[in-house]
Amino acid sequence: MIEVKEIQKGFGDKTIIGGVSSVMETGKCNLIIGASGSGKTVLMKCIVGLFEPDAGSIIYDGQDFTAMPSVQRKSMRQQIGMLFQGSALFDSLTVAKNVMFPLDMFSRMTRGEKEKRVDEVLERVRLDGAHKKYPAEISGGMKKRVGIARAIVLNPKYLFCDEPNSGLDPQTSLVIDRLIREITLEYNITTVVNTHDMNSVMEIGDRILYMHQGFKEWEGTNQEIIHNRNERLNAFIFASEFLRDAKDMRMLEMRGKISDQRDMDELLR
Amino acid sequence: MPFFQHFGAFLLMLRGMFTKLENPRMYWKELMHQCNELGIGSLGIVAIISVFIGAVSTVQTAYQLVSPLVPISTIAQIVRDTVILEFAPTLSCIVLAGVIGSKIASELGNMRVSEQIDALETMGINTRAYLIMPKILACLIMIPLLVVISMVLGMWGGRFAGQAAGIMSYEVFDRGLLKEFIPFNVTFALTKAYTFAFIISAIPAYYGYHVKGGALEIGQSSTRAVVTSCITVLLADYILAALLLD
């Protein structure tokens, strides 16, 4: 479990995060959503320690990450896996070597054990035939899967995914979303996902934190988000005509199920 | 950003390199990789410019020395000292500032922009130590070796050109090479080589590591890195000459 307490972050005079608090639960996909520039990525980078917050604290299973000495923080980071927006694979290394890199750096496994572990995780992300390929030779979806494989190779307790679906087609996005969800449940890890993809919200969002201009605007589950009454969140969710139509369809479906006329009127309003 | 802010950030970057290494074997592997990339990879260009510089020096010195009172073997002496004192360390390093400097700045810049540096940091790796230190150490190991090779090839080029242009025979050139040789000149050249090796690796590393933006900014930082390195090399060249040859 990760507790974020009153995190603040600014660059120069500009405040990017203005006192955000939240709890990211273990074994669940915790989503941070919001429009571009709402501070999602900065918040995530503060949580993983890539940015130093100006105020507030981040607590990983009772351990205050922000107050840790750098040596302890370094070892803590080995429990964190992160998938970056552009995958951030090392261009000069093959897929297998990219995945093996954290093992080479931190584990005391033998060569054979490392190779076995790499095979396992690549198989887990359904990429068993791509060992010898270079990042430039594989598709965007495959890069994301290699990124996930590299993030989980050390058996982390926390998995962070920054916009895992950016630049992917809807079908591949779904594959990546489901993979993230499967891994979260299988390894019982705390997963935090930054996204503005509403499909992901509905597909994997166990807990959702909506950010608006650096502040927490709304928090809840993916069931609650449908019925939320936050105007900004609704404007964000139903920004596209297609989704507005989908909402109307869902409302019509629900109309049949709700017996109390007052409830229905309230919901529609 | 003002000069002192850059300089402060540069010093902090250098200080940040000195921490406990996560896995010394990986650092050794990276150092060897960089020695190969930056050192062996630059051997060809250094060899070519050295041979031609030596050859041109011989021909031009012969052209200027028209007095029959000066023995012809003096040309070899002049070529030897010019190559050892200036051409091999300074000119080679100016060329290497372009070759190695742009390579380091663009490689680190690309890693920064594509979040590869962030990925390493997230894993708990000190990126200053893992990415910058091996490059600087590789340059400190390989560039003095390249300068020594440049000295030898420069003199060999001069010797060859002297014979080919009918200026003097190999025997006369060799006699001139051995006449009044001052071993300190080699020490001075190597001092310059070590200083320049640090400059042409650390400055581009600073520019590359601190890139913000995208492809355009990587190109700009690469250019800035090479220009700053070249100017700093020339400045250091003058300071070292003034201090050590006084």
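The values are calculated or read from the model by the stated rules, or taken from the named source; none is laboratory data. Remember, predicted model here, so these are calculated numbers, not experimental data. Cβ placement follows ideal geometry from the backbone for every residue including glycine, while neighbour counts extend to all protein chains displayed.
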Can you confirm whether B:Ala47 is at pLDDT 95 or above and assigned to a helix (DSSP H, G or I)?
yes
For segment B:5-23, indicate whether the set of residues that are among the basic types (Lys, Arg), exposed (fewer than 14 other Cβ atoms within 10 Å of the Cβ) and within 14 Å of another protein chain (Cβ to nearest Cβ) is non-empty.
yes
Could you pull out every one of the helices (runs of 4 or more DSSP H) wholly within segment B:107-192 that has 3 or more residues that are over 28 Å from the mean Cα position of the chain (by Cα), closer than 30 Å to B:Leu31 by Cα and within 14 Å of another protein chain (Cβ to nearest Cβ)?
B:116-123
I'd like to know if segment A:5-24 contains one or more residues that are surrounded by fewer than 18 Cβ atoms within 10 Å (Cβ to Cβ), aliphatic (A, V, I, L, M) and in contact (Cβ under 8 Å) with a residue 12 or more places away in the chain.
yes
I'd like to know if segment A:139-149 contains one or more residues that are within 12 Å of another protein chain (Cβ to nearest Cβ) and under 21 Å from A:Ile189 (Cβ atoms).
yes
Considering segment A:188-205 alone, what residues qualify as being surrounded by fewer than 19 Cβ atoms within 10 Å (Cβ to Cβ) and at pLDDT 90 or above?
A:Asn188
Being assigned to a helix (DSSP H, G or I) and of a type in the set (S, T, N, Q): is that true of A:Ser75 here?
yes
Only one of (1) buried (at least 19 other Cβ atoms within 10 Å of the Cβ); (2) under 21 Å from A:Met100 (Cα atoms) fails for A:Asn155. Which number is that?
(1)
Residues to consider are B:Gly101, B:Gly41; find the one that is under 20 Å from B:Val233 (Cβ atoms), within 15 Å of the chain's Cα centre (by Cα), within 14 Å of another protein chain (Cβ to nearest Cβ) and not basic (Lys, Arg).
B:Gly41
Go through segment A:101-125 and count every residue that is away from chain B (no Cβ under 14 Å) and without any contact (Cβ under 8 Å) to a residue 24 or more places away in the chain.
7
Where B:Pro71 falls short, out of the listed (1) within 14 Å of chain A (Cβ to nearest Cβ); (2) modelled with pLDDT under 95
(1)
